[in-house]
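Data first, discussion second: the structure below is written as structure tokens.
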Amino acid sequence: MTWDKLTDALRDSGALSADWENAFRATPRDRFTPDRIRVDGEWIERTEHPDRWAEAVTSDLPLVTQVYDGTNTPSSSSSMPTVVAKMLRHLDAAPGMRVLEVGTGTGWTAGLLTGRLGAENVVTVEADPGLAIDARAQLATMGRTPTVLAADGMLGHPAGAPYDRVHLTAAVQRLPGTLIEQTKPGGVILVPYGTAFCNGALARLVVADDGKSASGPFVEDVAFMWVRDQQPDSGEFDIEDVRYGPSEIDPANVADSTDAAFAIGLRLPDLFRQSVAAPYDAFGTGRFEIWDGMSYAHCRLADWEGKHAVSRSGPRDLWAEVTTAYRWWQRQGTPGLDRFGLTVSVSGEHRTWLDDPGNVIG
């Protein structure tokens, strides 16, 4: 597929709005993609497989562009073009507006913003100095010269404030008040948000007239890499005095439903969850673990009514809490992500809600 064909597909699907189409066509992703990328767990070298590299870059796929040293954990990526197009639509930035981007990455989104809004209106901040240098260089090859800073994006860039729009490209559990302070009243903060239980959703927050808070709904199902100092940590703890029992609910209903898992995470934001596999399980058997650092629960997706389906340890009965939160979600009519919202104050208070900011949950 060519870049123009992918742009046509994004436009026809409704992901790409008409006001961003020209910027997309003029800012192909390959200009910002490194020669070595990982797709579906496999590394592709441009010099060795140029056709496969080109096909991946012009496809609607996320591309891992960097991993943490000594691991396979991504530390930078190029997001799916569909997701980027939807985020720009929700950002609703128009010519003349000033935009702060937190998380430059390869520089592609900064290139899109600059192509439409002008270099003088775009500031992009990247925590990794090497990525910032590379992105600045790639932008320059296209004649695009936004302000590219190597710094902690969670601090924003006060010297360029106030901004009409703030755009984050990494997920947070806590949105810092400084980004609200640097956004104009009525301005928009677009931020991927999640919990240690479920990552996550895209929040579109509007800053209040008094500038002291920002509030709005979740508008898309997205999962981004975490801001580096907010990545959930499983921690280490001892599992003792294990208790066994059946599950009251089918755990697959939690594992397979983003809406359910997201709602549970909002109700129980201190619980970490991960999927696991045991070598002795039959093929297709799934498991996941949850814990808070002291208490632990391990649930088997198959045979969930069996007497050993759930193992528990610690002072809290975590699976019972998850079950209660799941039942609450059912009683609300199994709401989707778009019925939930978030309000954040400059002082740091976070409130999640259902349908209305006054209906606080969690």
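The values are calculated or read from the model by the stated rules, or taken from the named source; none is laboratory data. This structure is a prediction, so every number in the text was calculated from the model and none was measured. Counting neighbours? That spans all protein chains shown, and the Cβs are built from the backbone with ideal geometry, glycine included.
One line per residue, one yes/no per condition, for (1) in contact (Cβ under 8 Å) with a residue 40 or more places away in the chain; (2) more than 26 Å from A201 (Cα to Cα); (3) surrounded by 15 or more Cβ atoms within 10 Å (Cβ to Cβ):
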{"residue": "T33", "(1), (2), (3)": "yes, no, yes"}
{"residue": "V39", "(1), (2), (3)": "no, no, yes"}
{"residue": "E55", "(1), (2), (3)": "yes, yes, no"}
{"residue": "Y68", "(1), (2), (3)": "no, no, no"}
{"residue": "V83", "(1), (2), (3)": "yes, no, yes"}
{"residue": "D92", "(1), (2), (3)": "yes, no, no"}
{"residue": "T104", "(1), (2), (3)": "yes, no, yes"}
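Restricting the first residue to the range 294-323 and requiring it to be closer than 10 Å to S247 by Cβ and in the same structural domain as S247 (by TED's automatic domain parsing), which pairs with a second residue that is among the small types (G, A, S) and in a helix (DSSP H, G or I) meet a Cβ separation below 8 Å and a spacing of at least six or different chains?
L301/A252; L301/A255; W304/A252
Considering only the range 111-134, state which residues are of a type in the set (A, V, I, L, M), in contact with a Phe, Trp or Tyr (Cβ under 9 Å, 6 or more places away or on another chain) and closer than 22 Å to P62 by Cα.
The answer is L112, and nothing else.
When the residues of the range 330-355 are filtered to those that are closer than 20 Å to L175 by Cβ and either part of a loop (DSSP other than H, G, I, E, B) or in the same structural domain as P251 (by TED's automatic domain parsing) (or both), which remaining residue is farthest from the chain's Cα centre (by Cα)?
S347
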